[in-house]
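**Student:** Sending over a structure as structure tokens; questions will come in a sec.
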Amino acid sequence: MSTISSVMQETRVFPPSAETVGRAAVAGMAAYEALCKEAETDYAGYWARLAREHVVWKTPFTQSLDESNAPFYRWFADGSLNVSWNCLDRNLENGNADKTAIIFEADDGKATRVSYRELHLLVCRFANGLKSRGIGKGDRVVIYMPMSVEGVAAMQACARIGATHSVVFGGFSAKSLQERISDAGAVAVITADEQCRGGKTLGLKSVVDEALGMGGCESIKTMVVYRRTGADIPMQAGRDVFLDDLLAGQADTCEPEWVGAEHPLFLLYTSGSTGKPKGVQHSSGGYLLHAILTMKWTFDIKPEDVYWCTADIGWVTGHTYITYGPLACGATQIVFEGVPTWPDAGRFWQTIEKHGVSIFYTAPTAIRALIKASEVDPKVHPRNYSLSTLRLLGSVGEPINPEAWMWYYEQIGGSRCPIMDTFWQTETGGHMITPLPGVTPLVPGSCTLPFPGIQAAIVDETGHDVEWGKGGFLVVKKPWPSMIRTIYGDPERFKKSYYPEDLGGRLYLAGDGAMRDAKTGNFTIMGRIDDVLNVSGHRMGTMEIESALVANPLVAEAAVVGRPDDLTGEAICAFVVLKQARPSGDAAKLMVKQLQDWVAKEIGPIAKPKDIRFGDNLPKTRSGKIMRRLLRALAKGEEITQDVSTLENPAILEQLRQSA
Ligand code: WT7
């Protein structure tokens, strides 16, 4: 990949400024190394010290790491706490009661502010409301909400009563929602009448109704509906309740449910290499610790900051870096309902100016799209906005190519703000490999060095270390507090996916290829090693999309691969064999559109294949295995120079090439 070779040749280095070092929580390389050393000398003791310093416990823990049932690791297990108490009540006690917790920037540009006291009140009443419906500790609650104060409050309310939430991104289809509700055995869904995005409204409650109508969701007894637009929607008596009605008459305080540190705070479904999404289960204590620690060390959060993470609460970034981390640190943050390109592609920059944002965390795909937009329309170029309040930038979700990094650094950060290129995953709960502002010399395109205490390494297929300068599998050698605990309902799949026997069964396998710079040891992520694609920072399983395609009555067979794309990082390319004759010309175009819409309906618009090509067959070995590497070459438009001697039907390559 061009990105990787350009990163490996990258010679620009940006050391931290004296000012940044001066104010940072971890100040200077020596301080970083001291933390790493402490973790090396007494691993469990290091994390225990931090857990005591940064998390407020109801009952203190006496044990740190418990490896007795590895790889099902436990942390701080005999301690008890409540995550919502740590995010809200703690701030009332700390003198932050009247501080703005959330600035809600609505799609239409209207901004509203909520203080910690007000958020606490809303969450307490919400929690009491859920309890009044019989929902309590250990119940699973699915949240299908737009970006809103109420969405954050719904998550916090679940945490308060010990219910395990599972947020489903509002862009997922009824079918995807149904699968997640059913897998989680959820007792309630919290949703909204509609969501507003880019000046349009889209139904949400109607999608939930459709999902519940598909069957398999009989566990759902309650649907809470937040009135975002006030649209006229049907309500099912007994089951459905409007949020305002649920809140009416509830007490203003709610004693938190004190839970063990290992109590599951949330499930979040993500794509893996097989068809079925996996319910990644996170803990309460260890997860919260890392959310707080990374806010302080990576983002250098300070009381006067205005922090903005542009992710959606439907993704893990929105969990750790909107709902939990910033609130637990008493930060003021923006919750943004809209889209980056509406009313125009200057929306991000205008919003930074409007609210005086100082810390800004977004995704490379957004940066690339906005670079392009500002080239097309100079009016939305960041130079037209005052971005002088910014002091720190972040990037997440996919590798950031050095050109985009430089633009972000110069045009947005005014060559003054360090960029934290944070590598992590749904499963890791928080940052794993990232620069720290007061420590790390930045190299465009590299996520640099492990967070202190994280034992990231690169190994070969037998689990042995590879030397710096050579590529291999990215692993983590020791368990860490915010790691995934299991895959909900499928512990075997957890073991197989993350602790494979081939590597000895004791290394966490991230699923990415990576390499360390021979001199500095900086990490560069080279992309997934499994059948997972990264499209605009969203994780998509190729098998998931294939299953959706073959579920269409017209489709006989389908194979999905990724190809590099300038804007979205990777693009989805599907090779399809129809049950009917292979279409051409306008009929083919029509069929492409029909199948794209089908996938959008089955999974969600983010899973739509960009390219669909039709063939009479797929390239297969004599034993019937689809040769994906050939499909990847075709998708890229590359000449096939690889060995095709094991191919059963070599002529198919030419047909598929021409079908582009
Ligand atoms: C995959 C995880 C972490 C929240 C958003 C995505 C890729 C993530 C980076 C980065 C290079 C990155 C990896 C990873 N990824 N951040 N800074 N540099 N690649 O979470 O959906 O669980 O996806 O995203 O491939 O495995 P996710």
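The values are calculated or read from the model by the stated rules, or taken from the named source; none is laboratory data. In this text, all values refer to a predicted model and were calculated from it rather than measured experimentally. For neighbour counting, all protein chains shown are included, and Cβ atoms are generated from backbone atoms with ideal geometry for every residue, glycine included.
**Student:** Report whether or not Tyr307 is in contact with a strand residue (DSSP E or B) (Cβ under 7 Å, 6 or more places away or on another chain) and of a type in the set (Ser, Thr, Tyr).
**Tutor:** Taking the combined requirement at face value, the residue satisfies it.
**Student:** Quickly run through the range 382-406 and pick out the residues that are of a type outside the set (A, V, I, L, M), farther than 26 Å from Ala31 by Cβ and out of contact with any Leu (no Cβ under 9 Å at 6 or more places or on another chain).
**Tutor:** Arg383, Asn384, Tyr385, Ser386, Ser388, Thr389, Gly397, Glu398, Pro399, Asn401, Pro402, Glu403 - these are the residues of the range 382-406 that are of a type outside the set (A, V, I, L, M), farther than 26 Å from Ala31 by Cβ and out of contact with any Leu (no Cβ under 9 Å at 6 or more places or on another chain).
**Student:** Inspect all residues belonging to the range 388-400 and state whether any of them is farther than 29 Å from Gly279 by Cβ, away from the ligand (no atom under 13 Å from the Cβ), without any contact (Cβ under 8 Å) to a residue 40 or more places away in the chain and polar (S, T, N, Q).
**Tutor:** Yes, because at least one residue in the range 388-400 is farther than 29 Å from Gly279 by Cβ, away from the ligand (no atom under 13 Å from the Cβ), without any contact (Cβ under 8 Å) to a residue 40 or more places away in the chain and polar (S, T, N, Q).
**Student:** Check Gly513 against each of (1) among the small types (Gly, Ala, Ser); (2) surrounded by fewer than 20 Cβ atoms within 10 Å (Cβ to Cβ); (3) under 30 Å from Phe72 (Cα atoms); (4) modelled with pLDDT under 95 and name the one condition it does not meet.
**Tutor:** Evaluating Gly513 over (1) among the small types (Gly, Ala, Ser); (2) surrounded by fewer than 20 Cβ atoms within 10 Å (Cβ to Cβ); (3) under 30 Å from Phe72 (Cα atoms); (4) modelled with pLDDT under 95 leaves (4) as the failure.
**Student:** Now, a different point. Mind listing whichever residues of the range 277-323 are within 16 Å of the ligand (Cβ to nearest atom), more than 30 Å from Trp349 (Cα to Cα) and not polar (S, T, N, Q)?
**Tutor:** Pro277, Lys278, Gly279, Val280, His282, Tyr287
**Student:** Does the range 407-415 include one or more residues that are crowded, with 22+ Cβ neighbours inside 10 Å, hydroxyl-bearing (Ser, Thr, Tyr), near the ligand (Cβ under 10 Å from one of its atoms) and modelled with pLDDT of 95 or more?
**Tutor:** For the range 407-415, residues crowded, with 22+ Cβ neighbours inside 10 Å, hydroxyl-bearing (Ser, Thr, Tyr), near the ligand (Cβ under 10 Å from one of its atoms) and modelled with pLDDT of 95 or more: absent.
**Student:** Give the residues of the range 255-276 that are small (Gly, Ala, Ser), away from the ligand (no atom under 14 Å from the Cβ) and either farther than 26 Å from Pro452 by Cα or assigned to a loop (DSSP other than H, G, I, E, B) (or both), sorted by residue number.
**Tutor:** The answer is Ala261, Gly275.
Every residue, every condition in (1) surrounded by fewer than 19 Cβ atoms within 10 Å (Cβ to Cβ); (2) touching an Asp or Glu at 6+ places or on another chain (Cβ under 6 Å); (3) in contact (Cβ under 8 Å) with a residue 40 or more places away in the chain, yes or no:
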| position | (1), (2), (3) |
| --- | --- |
| Thr422 | no, no, yes |
| Glu427 | no, no, yes |
| Gly430 | no, no, yes |
| Gly438 | no, no, yes |
| Pro441 | yes, no, yes |
| Leu449 | no, no, yes |
| Ile454 | no, no, no |
| Ile458 | no, no, yes |
| Trp468 | yes, no, yes |
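**Student:** If you don't mind, there's one more thing I want to ask. So, in the range 163-194, exactly how many residues are closer than 19 Å to Ala600 by Cα, of a type outside the set (A, V, I, L, M, F, W, C) and free of Cβ contacts under 8 Å to residues at least 60 places away in the same chain?
**Tutor:** 2
**Student:** Continuing with the same structure: Can you tell me which residues in the range 484-524 are in contact (Cβ under 8 Å) with a residue 60 or more places away in the chain and small (Gly, Ala, Ser)?
**Tutor:** The answer is Gly489, Ser497, Gly505, Ala510, Gly511, Gly521.
**Student:** Continuing with this model, one more query. Mind checking which residues of the range 340-354 are touching a residue at least 40 places away in the same chain (Cβ under 8 Å), buried (at least 21 other Cβ atoms within 10 Å of the Cβ) and of a type outside the set (Ser, Thr, Tyr)?
**Tutor:** Across the range 340-354, the qualifying residues are Trp349, Ile352.
**Student:** Right, something else. Report whether or not Ala510 is among the small types (Gly, Ala, Ser) and within 16 Å of the ligand (Cβ to nearest atom).
**Tutor:** yes
**Student:** What about Thr229, is it among the hydroxyl-bearing types (Ser, Thr, Tyr), surrounded by fewer than 21 Cβ atoms within 10 Å (Cβ to Cβ) and assigned to a loop (DSSP other than H, G, I, E, B)?
**Tutor:** Yes, satisfied.
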